[in-house]
Amino acid sequence: MKITDGNVLLTSPGRNFVTLRLQTDDAWGLGDATLNGRELAVASYLENHVLPLLVGRDAFQIDDIWHELYKGAYWRRGPVTMTALGAVDVALWDLKAKALGVPVYELLGGRARERVRVYGHASGATPEAAVESVARFVEMGYTAVRLQCGFEGLPDTYGVGRGDLYYEPASPGRPRVETWDTTEYLTQIEPLFALARRELGPKIELLHDVHHRLTPNEAARLGRLLEPYRLFWLEDATPAELQEGFRRIRSQTTTPLAVGEVFNSVYDVHTLITEQLIDYVRMAVAHSGGLTHMVRVAHLAELFQVRMACHGPTDLSPVNLAASLHFGTAIHNFGIQEYMRHSPETDEIFTPTYELQDGHMYVSDDAGLGVSYDDQSAEQYEYTPAYLPVARLGDGTVHSW
Ligand code: EZ4
Ligand code: CO
């Protein structure tokens, strides 16, 4: 079944999405090529360097195409390359599953579970408001909720929604500047979780994202401080380019650790996995070479009792969420899936068929991923350049955002 055509599609229903559509005479498949704040780099990589290699290739040779694009480029890894490769890969899985008339999870080994547990994102300007927001998620049936809030002296820190349920940190124009202060954070974070446990009881699973703000030693102290509140995980406690940095954290605390949303290859995470320095891998299917590569990461992680918990923000499209849900339905060492609802305008374009019920997602049994792309709806929204914020300390020093 030969690939006859490929299109890179841009739309911006409130935020930017890049989608790859690959076609054969009888079927089509979709991949998510969105890299927040760097969208056109991936679009150009695909249009100028990858699509000319794909037309005429056998769409069923997914693994061979993956290796040709990975090894054949000579220049390996990196977020732009691996997002482009991920879009091709996921589009090919979608296309092949459609051609064979089965859902993608069947090609990944078949069902390992009935449904995929997800966690929601609660946030608030203050600890009180954020804990109330968790309670709303519990009422909606969620069993796991991420808890972030603004603190005194840190009003606009990472993870605090600006007004409604649709959290979106990127903004048009020059990057917004957010302030960071480690002392303010480390002195106010424990009372937040103490309040949460007092109000919500012991059972609800609570997650927290540090978003790369601490050093390994500060993170070790934080992990210890939060042990009484039984977190499901502490995410991105320190920047993880240096995987060995996690040895310090791991040796000091039993708080579970999750890492990896900015990773794009197994070589970013292999030390963390093989030394059992973390509990959950957070890599995104879209940013990590697609399902072909993520299955390899999952298999390595399984050997070391590390579980998969794919990044699933709204700055990736429903195509990526559907791919993550098929992955979560099929792999053995699934942990949890991040879920933030997409806007109605976004869902109108992608018409996803997955469903949320009682804090779990169900993929449909439609052939392929169960998402589509409505060109007419998409064309209403023009691409608008936007950047993620930059964090600075009180004295003006740039800090990890
Ligand atoms: O900040 O996807 O766990 N989720 C996150 C996300 C990331 C955004 C960056 O584009 O940390 O909200
Ligand atoms: Co995160």
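Working only within segment 13-35, note down all residues that are open to solvent by less than 20 Å² (accessible area, probe 1.4 Å) and of a type outside the set (A, V, I, L, M, F, W, C). It would help to see each step written out before you state the result.
Pass one, segment 13-35, residues open to solvent by less than 20 Å² (accessible area, probe 1.4 Å): 13, 16-20, 22, 24, 27, 29-34.
Selection gives P13, N16, T19, T24, G29, G31, D32, T34.
Among H311, H360, H332, H326, which is the only one that is within 16 Å of ligand 2 (Cβ to nearest atom) and either of a type in the set (S, T, Y) or under 17 Å from R117 (Cα atoms) (or both)?
Working: H360 fails: within 16 Å of ligand 2 (Cβ to nearest atom); H332 fails: within 16 Å of ligand 2 (Cβ to nearest atom); H326 fails: within 16 Å of ligand 2 (Cβ to nearest atom).
Every option except H311 fails the conditions.
At least 1 residues that are more than 16 Å from ligand 1 (Cβ to nearest atom) and touching a residue at least 12 places away in the same chain (Cβ under 8 Å) in each: list the strands (runs of 3 or more DSSP E) lying fully within segment 167-244 that qualify.
Details: elements: 177-180, 205-209, 233-235.
Strands (runs of 3 or more DSSP E) meeting the threshold: 177-180.
Residue by residue through segment 227-273, note down the ones that are away from ligand 2 (no atom under 13 Å from the Cβ) and of a type in the set (G, A, S).
G245, S251, S265
Taking strands (runs of 3 or more DSSP E) that fall entirely within segment 351-401, which contain at least 1 residues that are farther than 30 Å from L214 by Cα?
Working: elements: 355-357, 360-362, 390-393.
In segment 351-401, 355-357, 360-362 are the strands (runs of 3 or more DSSP E) which contain 1 or more residues that are farther than 30 Å from L214 by Cα.
Taking segment 358-399 as the search range and keeping residues that are small (G, A, S) and touching a Lys or Arg at 6+ places or on another chain (Cβ under 6 Å), which one is least open to solvent (accessible area, probe 1.4 Å)? Steps first, answer last, please.
Let us first name the residues in segment 358-399 that are small (G, A, S), namely 359, 364, 367-368, 370, 372, 377-378, 386, 391, 394, 396.
Subset that is touching a Lys or Arg at 6+ places or on another chain (Cβ under 6 Å): 367-368.
Numbers: A367: 38, G368: 0 Å².
Residue satisfying both the conditions and the ranking: G368.
Would you pick out the residues in segment 179-199 that are of a type outside the set (V, I, T) and open to solvent by 40 Å² or more (accessible area, probe 1.4 Å)? Step through it out loud before you land on a result.
Let us first name the residues in segment 179-199 that are of a type outside the set (V, I, T), namely 180-181, 184-186, 188, 190-199.
Once the filter is applied, which keeps residues that are of a type outside the set (V, I, T) and open to solvent by 40 Å² or more (accessible area, probe 1.4 Å), segment 179-199 yields D181, E184, E190, P191, R198, E199.
Looking at segment 34-48, which of its residues are more than 11 Å from ligand 1 (Cβ to nearest atom) and either among the aliphatic types (A, V, I, L, M) or without any contact (Cβ under 8 Å) to a residue 12 or more places away in the chain (or both)? Explain how you work it out, then say what you get.
Initially, segment 34-48 is screened for residues more than 11 Å from ligand 1 (Cβ to nearest atom), giving 39-48.
Within segment 34-48, L40, A41, V42, A43, S44, L46, N48 meet the criteria.
Which residues, taken from segment 46-57, are open to solvent by less than 50 Å² (accessible area, probe 1.4 Å) and assigned to a helix (DSSP H, G or I)? Break it down into steps so the answer makes sense when it comes.
Step one: list which residues in segment 46-57 are open to solvent by less than 50 Å² (accessible area, probe 1.4 Å), which gives 46, 50-51, 54, 56-57.
Within segment 46-57, L46, V50, L51, L54 qualify.
Looking at L69, L95, which is the one that is touching a Gly at 6+ places or on another chain (Cβ under 6 Å) and outside any loop (DSSP other than H, G, I, E, B)? Break it down stepwise before answering.
Numbers: L69 fails: touching a Gly at 6+ places or on another chain (Cβ under 6 Å).
Just one listed residue meets the conditions, L95.
Being open to solvent by less than 40 Å² (accessible area, probe 1.4 Å), of a type in the set (G, A, S) and either part of a helix (DSSP H, G or I) or within 30 Å of P202 (Cβ to Cβ) (or both), is that true of even one residue in segment 139-146? Before you say what the answer is, go through the steps one by one.
In the first step, residues of segment 139-146 are kept if they are open to solvent by less than 40 Å² (accessible area, probe 1.4 Å); the result is 141-142, 144-146.
Pick out the ones that are also of a type in the set (G, A, S) and you get 141, 144.
Now drop any that are not either part of a helix (DSSP H, G or I) or within 30 Å of P202 (Cβ to Cβ) (or both), which leaves 141, 144.
Among the residues of segment 139-146, at least one is open to solvent by less than 40 Å² (accessible area, probe 1.4 Å), of a type in the set (G, A, S) and either part of a helix (DSSP H, G or I) or within 30 Å of P202 (Cβ to Cβ) (or both), which makes the answer yes.
When residues of segment 138-153 are filtered for being under 21 Å from L356 (Cβ atoms) and touching a residue at least 24 places away in the same chain (Cβ under 8 Å), how many remain? Steps first, answer last, please.
Residues of segment 138-153 under 21 Å from L356 (Cβ atoms): 138-148.
After this cut, where a residue has to be touching a residue at least 24 places away in the same chain (Cβ under 8 Å) as well, the list is 138, 140-148.
Result for segment 138-153: 10.
So if I check each of E302, E338, which one is away from ligand 2 (no atom under 16 Å from the Cβ) and more than 22 Å from I62 (Cα to Cα)? Explain how you work it out, then say what you get.
Details: E338 fails: away from ligand 2 (no atom under 16 Å from the Cβ).
Result of the check over E302, E338: E302.
What's the number of the condition D209 fails, among (1) within 30 Å of T346 (Cβ to Cβ); (2) more than 23 Å from the chain's Cα centre (by Cα); (3) open to solvent by less than 10 Å² (accessible area, probe 1.4 Å)?
Tallying (1) within 30 Å of T346 (Cβ to Cβ); (2) more than 23 Å from the chain's Cα centre (by Cα); (3) open to solvent by less than 10 Å² (accessible area, probe 1.4 Å), D209 fails exactly one: (2).
State all residues of segment 329-350 that are open to solvent by 20 Å² or more (accessible area, probe 1.4 Å), more than 16 Å from ligand 1 (Cβ to nearest atom) and touching a residue at least 24 places away in the same chain (Cβ under 8 Å); if no residue qualifies, say none.
If the condition is that a residue be open to solvent by 20 Å² or more (accessible area, probe 1.4 Å), more than 16 Å from ligand 1 (Cβ to nearest atom) and touching a residue at least 24 places away in the same chain (Cβ under 8 Å), then H332, F334, E345, D347, E348 are the ones that fit.
For segment 274-299, which residues satisfy the criterion of being away from ligand 2 (no atom under 16 Å from the Cβ) and touching a Leu at 6+ places or on another chain (Cβ under 6 Å)? Lay out the reasoning, then the answer.
Initially, segment 274-299 is screened for residues away from ligand 2 (no atom under 16 Å from the Cβ), giving 274-277, 289-299.
Correct list: G289 only.
Out of the residues in segment 297-321 that are of a type outside the set (A, V, I, L, M, F, W, C) and within 24 Å of T19 (Cα to Cα), which is farthest from ligand 1 (Cβ to nearest atom)? First the steps, then the outcome.
Here is the first cut: in segment 297-321, the ones of a type outside the set (A, V, I, L, M, F, W, C) are 299, 302, 305, 307, 311-315, 317-318, 320.
Within this subset, residues satisfying the condition of being within 24 Å of T19 (Cα to Cα) are 311-315, 317-318, 320.
Values: H311: 6, G312: 8, P313: 3, T314: 8, D315: 4, S317: 12, P318: 15, N320: 11 Å.
Checked segment 297-321; the qualifying residue farthest from ligand 1 (Cβ to nearest atom) is P318.
The values are calculated or read from the model by the stated rules, or taken from the named source; none is laboratory data. These numbers come from a predicted model, not from an experiment. In this analysis, Cβ positions are derived from the backbone assuming ideal geometry, glycine residues included, and neighbour counts consider all displayed protein chains. Surface accessibility is based on the protein's heavy atoms, side chains included, excluding ligands, DNA and RNA. Shrake-Rupley method; radii C 1.70, N 1.55, O 1.52, S 1.80 Å.
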